[in-house]
Amino acid sequence: LGIPSVLSLPEEHYAKVYVKSRRIPESFYSELYFAEDFKSFVEALQIEKEGLKEDDPRLVIPFYDEDKNLVAFQGRALGESKLRYITVKTDKDNHKLFGTDRINKEETIYVVEGPIDSMFLENAVATADSNLMAAARHFDKTKIVLVYDNEPRNKQICDRIEKMINHGYKTVLWPSALKHKDVNDMVVAGIKPVDVKLMIDTNTVSGLEAKMRFSVWRKC
């Protein structure tokens, strides 16, 4: 990508300190990058993107297709910014799915919102937004589990979950006692990834059970 990987950065570098603070597995350090000036990085790739600011350091998360071609990337702000995440496609017709290069389509595929969240789960992809339906177009419906963020008071999330349940998708409805918003927050709070996975599997529902659980789960 023409910019340094997190693995290559000094231990005290603030981007590496951030990655460590999010407890991202070290196996991903070579696949994450740092752009001192995200705007310049995007321009160097000859991609047009409006609204980018000068001197905006960001963690860069590349999105690849099944053949390891770069199809998009996300810049995660490392300082104060109104735009915490900026997702850029290398071509307007590309998909915006993180993790497709690591997926076994014969196994259960977990679909989460954030790329960082997906790094804690085996066989997971991320849509980089709350439109998990985007992943449903790429995989066998019977193989995917939709893992929305834990936001029962968010009307948009509730509406999307209800729609997907009505379409027959397997969806995770997090335990009501859980206070953390997403997978990464859970791991940072001390919940082991293996226990997050267990929580996901034991709270995956579909059909009539999902409709009944959802009516209790939603608070929006």
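The values are calculated or read from the model by the stated rules, or taken from the named source; none is laboratory data. None of these values were measured; they are calculated from a predicted model. Glycine gets a Cβ as well: all are built from the backbone with ideal geometry, and neighbour counts include every protein chain shown. Only protein heavy atoms, including side chains, enter the accessible area calculation; ligands, DNA and RNA are left aside. Shrake-Rupley method; radii C 1.70, N 1.55, O 1.52, S 1.80 Å.
If you take every DSSP beta bridge whose two residues both sit in the chain, what share of them, in percent to the nearest 5, is antiparallel?
Numbers: 19 of 27 bridges.
Taking every DSSP beta bridge within the chain, about 70 percent pair in antiparallel fashion.
Once you put a point 7 Å from the Cα of Lys197 and another 7 Å from the Cα of Asp67, both along the Cβ direction, what distance in nm separates them?
3.1
Measuring from a point 7 Å past the Cα of Thr142 along Cα-to-C-beta, which residues in region 95-119 have an amide N at less than 16 Å?
105-109
Which residue, Leu9, Ile109, Leu45, has the largest displacement toward the positive end of the dipole of the chain when charges sit on each Cβ (Lys, Arg +1; Asp, Glu -1)?
Toward the positive end, the furthest listed residue is Ile109.
Just to be sure I understand: with springs between alpha-carbon atoms less than 10 Å apart, which residue in Pro193, Pro175, Pro57 has the highest mean-square fluctuation in the Gaussian network model of the chain?
Pro175
So, by mean Cβ neighbours within 10 angstrom, what's the order for 180-190, 124-134 with the highest one leading?
Values: 180-190: 17.7, 124-134: 20.0.
Final packing ranking: 124-134, 180-190.
Can you give the angle from 0 to 90° between the axis of helix 207-217 and the longest principal axis of the chain, with both taken from C-alpha atoms, to the nearest 10?
On a 0 to 90 degree scale, this one is about 70.
Cα axis of helix 193-202 to longest principal axis of the chain: angle in degrees, 0 to 90, nearest 10?
Computed tilt is about 30 degrees.
If you place +1 on the Cβ of every Lys and Arg and -1 on the Cβ of every Asp and Glu, how big does the dipole about the Cα centre of region 1-46 come out, in debye to the nearest 20?
Numbers: 5 positive and 7 negative charges, 44 e Å.
The calculated dipole for region 1-46 is roughly 200 debye.
Under unit Cβ charges (Lys, Arg +1; Asp, Glu -1), what dipole magnitude, rounded to 20 debye, does the chain have relative to its Cα centre?
Values: 33 positive and 35 negative charges, 212 e Å.
Using Cβ point charges on Lys, Arg, Asp and Glu, the chain gives about 1020 debye.
Suppose the chain between Ser215 and Glu162 were pulled fully straight at 0.36 nm per residue; how much longer would it get relative to their current alpha carbon spacing?
Difference between extended and current length: 18.2 nm.
What is the calculated FRET efficiency for Ser5 to Glu50, with r their C-beta to C-beta distance and R₀ = 45 Å, to the nearest 0.05? Numbers along the way, then the final one.
Working: r = 28 Å, r/R0 = 0.62.
After rounding to 0.05, the efficiency reads 0.95.
Sort 203-214, 32-43 for me by packing, meaning the mean count of neighbouring Cβ atoms within 10 Å per residue, highest on top. It would help to have the intermediate numbers written out before the result.
Values: 203-214: 15.0, 32-43: 19.7.
The densest-packed peptide leads the list: 32-43, 203-214.
Which of rounded, prolate or oblate describes region 1-124 when judged by the alpha-carbon gyration tensor and an a/c cut-off of 1.5?
Since a/c reaches 1.5 but b/c is at least a/b, the shape of region 1-124 is classed as oblate.
Provide the per residue accessible area, probe 1.4 Å, for region 11-117, rounded to a whole number of square angstrom. It would help to have the intermediate numbers written out before the result.
Working: 5830 Å² over 107 residues.
Solvent-accessible surface per residue comes out at 54 Å².
Please report the carbon-and-sulfur percent of the accessible area for region 133-220; probe 1.4 Å, protein heavy atoms only, DNA, RNA and ligands left out.
54
Calculated from DSSP H runs of 4 or more alone, at -39500 (n - 2.57) each and per residue, what is the 222 nm mean residue ellipticity of the chain, nearest 500? Spell out each step's value before the answer.
On the way: 8 runs with 62 residues, N = 220.
The helix-only estimate for the chain comes to -7500 deg cm²/dmol at 222 nm.
What's the FRET efficiency of Glu36 with Thr108 using the Cβ-Cβ distance as r and R₀ = 35 Å, to the nearest 0.05? Please report the intermediate quantities before stating the final value.
On the way: r = 39 Å, r/R0 = 1.11.
Computed FRET efficiency for Glu36 and Thr108 comes out at 0.35.
From the residues Met212, Ile191, Leu146, which one has its Cα farthest along the dipole of region 62-220 in the positive direction, the dipole being from +1 and -1 charges on Cβ of Lys/Arg and Asp/Glu about the Cα centre?
Met212
What's the center-to-center distance, using Cα atoms, between region 191-220 and region 1-16 in Å?
Measuring centre to centre over Cα atoms gives 37 Å.
Assigning unit charges at the beta carbon (Lys, Arg +1; Asp, Glu -1) and nothing else, what dipole magnitude in debye, to the nearest 20, does region 33-151 show about its Cα centre?
Details: 16 positive and 24 negative charges, 41 e Å.
Roughly 200 debye for region 33-151.
Please give the FRET efficiency for Asp91 paired with Ser176, using the beta carbon to beta carbon distance and R0 = 45 Å, rounded to the nearest 0.05. Present the calculation step by step, with values, prior to reporting the outcome.
On the way: r = 42 Å, r/R0 = 0.94.
Plugging the Cβ-Cβ distance into 1/(1 + (r/R0)^6) gives 0.60.
Pairs of alpha-carbon atoms within less than 8 angstrom and 6+ residues apart define the contacts here; what relative contact order does the chain have, in percent?
Numbers: 383 pairs, mean separation 28.6, N = 220.
Contact order relative to length: 13 percent.
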